Amino acid sequence: MQQIIDRRLAGKNKSIGNRERFLRRHKEQIREAVKRAVAGRGIRDIAQGEDIPIPRRDISEPVFGHGPGGRREMVHPGNQDFVRGDRIDRPQGGSGRGGSGKAGDSGEGEDDFVFHLTKEEFMQVFFDDLALPNLVRTTLADTPAYKTHRAGFSSDGTPNNLHVVRSMRGAIGRRIALGSQARRELARLEALLEALLAPPVNPSRRQEIQALEGDIEALRAHIARIPYLDPIDLRYRNRVRTPVPTARAVMFCLMDVSGSMDEARKDLAKRFFILLYLFLTRHYERIDIVFIRHHTQAQEVSEHEFFHATETGGTVVSSALVLMEQIIRARYPSGEWNIYGAHASDGDNWHNDSARCRELLANAILPLCRYFAYIQVVEQEQNLWQEYAALAAITDAFAMRKASTADQIYPVFRELFSKEVRAI
C-alpha cells in the first residue's frame, strides 16, 4: 500500500482556505456591509478595506447541552461548603449576555465578531454586485500603462544606450588616478637629467645619466600602457519602467437631486460614477472630480452634499450644463485637461428646457469634452431622452443608456465607453 506524506512547510497564507469558506458562509452579510460602505464612502476612497461586524449568533457552533432533568452525584475538588447528600439549587441562566443588546448584573459578555475585509476582497464583492467579468475586475484593479524614465547610469547595457560623455569622463579620471604619480616622477627625473646634461658635461657622471635615462624610458612605457578607454569606464543610460498613468483628467459628475430622485436611484448613479472613476485612474496621473447637482438651479457642491442632500421641486437640466461650461472655461482649459462628463437622472425635465439641453451639449459642452455619458436610472422615456437620442445619432462623443438595477450598471458602462477604451 502506497502512502504519500506531505512534508511541505506551512506557507504564509495557510489559513486562506478557512478565510474563503468564511467569506462564502457570510456572503450576504458581507455584501450588505459593502453596500453600506459604498453608500457612506467617497468615490476616491472606494478601493479600501472594510471592518465588518458579524453578530455572535451567526458564528456560534452547535453544542450538546444537558436538559433540566436527571440526577447527578459528585463532589468537586476544593469544596468546603457541601457534603455528600446535600441538594444544590441549579443556577439561573440569562445574566451576563454581553453583545446581545441586554444588560446583565453579573457575568461576562461577548462582543460581536469583527471581520476585516481586505482591499482586494472589498473590490471583489463590489464588482460582484455590478456583474463585472473576472478579466475586467483585474483590469480595473491594476494600472496597465507604463512609463520609462531615466534612473542614472549602469555599467552594462546595450550599445545604443552608451553615454559617450560619461564614459570619457570616467576614462579621464581613471587615467589621471593611475598615471599621476608616474607623471610627477617622470617630470622630476627629466628635470634632473636636464641638469646633468647642461654644459660642461662631467664624464664621471655618465653612468648616472644612463641610469636616469633608463628610469625615464620605464616610466614612459608604464604611462603608455595605461589604456585610453577600458571596459570599466563605459557607462550606459539606465531606464526603468514604472506603472505611471500618462496625463491628467477632470471628471464632471452631474446628477438630478429633485424630489423624484430617491436614495435607490442616487445609489445607482453613485455606482456608475465609481466605475467611471476606476476607469479613468487606469489612464491618467491626476484626476479632479467636480460635483454638480441640480433641480431648478445648479450648484457645485462637495461629494457628501452631492449624494445625500435632498431637494424638492422641478428639474431644469440646462442649469447644470451651463455651470459645467463655466467651470471648464474658468479652471480646466481643454488644451491641458482631458475632460469627461457623466450625467445621471431619472429623465424628468421641464418640457421647454430639453431642446436647450441638446443645443448646449452640441455647441458648448461636447467641443470641450473627450466624452460625455448620460445614464437614465428609470425605464420610462421622456422628452429629455428623445432630445438626447437625436444628439447621440450624429456624434460619437456622446452616448446614453438606461440602468434601473445595479447589475445593469456594468453592461451600460461597457457600451458607453467601449469606443473610448479603443481611443485612449
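Residues checked against (1) out of contact with any Gly (no Cβ under 7 Å at 6 or more places or on another chain); (2) open to solvent by less than 70 Å² (accessible area, probe 1.4 Å); (3) at pLDDT 85 or above:
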position	(1), (2), (3)
His149	yes, no, no
His163	yes, yes, yes
Ser167	yes, yes, yes
Gly173	yes, yes, yes
Ala177	yes, no, yes
Leu189	yes, yes, yes
Asn202	yes, no, no
Glu208	yes, no, no
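Mind listing just one residue for me: the one in the stretch 240-253 that is of a type outside the set (A, V, I, L, M) and closer than 30 Å to Arg166 by Cβ and, of those, modelled with the highest pLDDT? Spell out the reasoning first.
Residues of the stretch 240-253 of a type outside the set (A, V, I, L, M): 241-243, 245-246, 248, 252-253.
Filter once more, keeping what is closer than 30 Å to Arg166 by Cβ: 241-243, 246.
Numbers: Arg241: 76, Thr242: 69, Pro243: 59, Thr246: 52.
Checking each candidate, the answer is Arg241.
For the stretch 342-358, taking the residues that are outside any helix (DSSP H, G or I) and of a type in the set (D, E, K, R), the one that is surrounded by the most Cβ atoms within 10 Å (Cβ to Cβ) is identified as Asp346. Scanning the stretch 335-364 for residues that are out of contact with any Asp or Glu (no Cβ under 6 Å at 6 or more places or on another chain) and within 14 Å of Phe252 (Cβ to Cβ) yields Trp337, Asn338, Ile339, Tyr340, Gly341, Ala342, His343, Ala344, Leu360, Leu361. Considering the stretch 179-294, the qualifying strands (runs of 3 or more DSSP E), each wholly inside and each with 1 or more residues that are within 30 Å of Phe306 (Cα to Cα) and touching a Ser or Thr at 6+ places or on another chain (Cβ under 8 Å), run over 247-256, 284-294.
Conditions (1) modelled with pLDDT under 85; (2) of a type in the set (Gly, Ala, Ser); (3) open to solvent by less than 10 Å² (accessible area, probe 1.4 Å), marked per residue:
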position: Tyr340; (1), (2), (3): no, no, yes
position: Leu360; (1), (2), (3): no, no, no
position: Ala373; (1), (2), (3): no, yes, yes
position: Trp385; (1), (2), (3): no, no, no
position: Tyr388; (1), (2), (3): no, no, yes
position: Leu391; (1), (2), (3): no, no, yes
position: Phe413; (1), (2), (3): yes, no, no
position: Arg422; (1), (2), (3): yes, no, no
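Each row is one residue, and each column tells you yes or no for (1) within 30 Å of Leu162 (Cα to Cα); (2) among the basic types (Lys, Arg); (3) open to solvent by 10 Å² or more (accessible area, probe 1.4 Å); (4) at pLDDT below 85.
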| residue | (1), (2), (3), (4) |
| --- | --- |
| Ala218 | no, no, yes, no |
| Asn238 | yes, no, yes, no |
| Met255 | no, no, no, no |
| Asp267 | no, no, yes, yes |
| Phe272 | no, no, no, yes |
| Leu275 | no, no, no, yes |
| Arg293 | no, yes, yes, no |
| Gln297 | no, no, yes, no |
| Ser302 | no, no, yes, no |
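Within the stretch 23-35, residues that are in a loop (DSSP other than H, G, I, E, B) reach partners that are of a type in the set (A, V, I, L, M, F, W, C) with beta carbons closer than 9 Å, at six or more positions or on different chains, in the pairs His26/Ile52; His26/Ile54; His26/Ile59; His26/Phe115. What residue, among those in the stretch 393-406 that are in a strand (DSSP E or B) and open to solvent by less than 20 Å² (accessible area, probe 1.4 Å), is farthest from Tyr371 (Cα to Cα)? Once the filter is applied, the top-ranked residue is Met400. If I filter the stretch 304-336 down to residues being modelled with pLDDT under 85 and surrounded by 20 or more Cβ atoms within 10 Å (Cβ to Cβ), which single residue comes out as nearest to Ala264 (Cα to Cα)? Per the stated criteria, the residue is Phe307. Taken as a whole, the structure leaves Glu285 outside the set of residues that are open to solvent by 40 Å² or more (accessible area, probe 1.4 Å), over 16 Å from the mean Cα position of the chain (by Cα) and acidic (Asp, Glu). Within the stretch 220-236, if we keep just the residues that are in contact (Cβ under 8 Å) with a residue 24 or more places away in the chain and among the charged types (D, E, K, R), the residue that is surrounded by the most Cβ atoms within 10 Å (Cβ to Cβ) turns out to be Arg235.
The values are calculated or read from the model by the stated rules, or taken from the named source; none is laboratory data. What you see is a predicted model; the values in this text were computed from it and never measured. Ideal geometry is used to build each Cβ from the backbone, glycine not excepted, and the neighbour counts take in all protein chains shown. Each accessible area value is taken on the protein alone, full model and side chains, heavy atoms only, with ligands, DNA and RNA left out. Shrake-Rupley method; radii C 1.70, N 1.55, O 1.52, S 1.80 Å.
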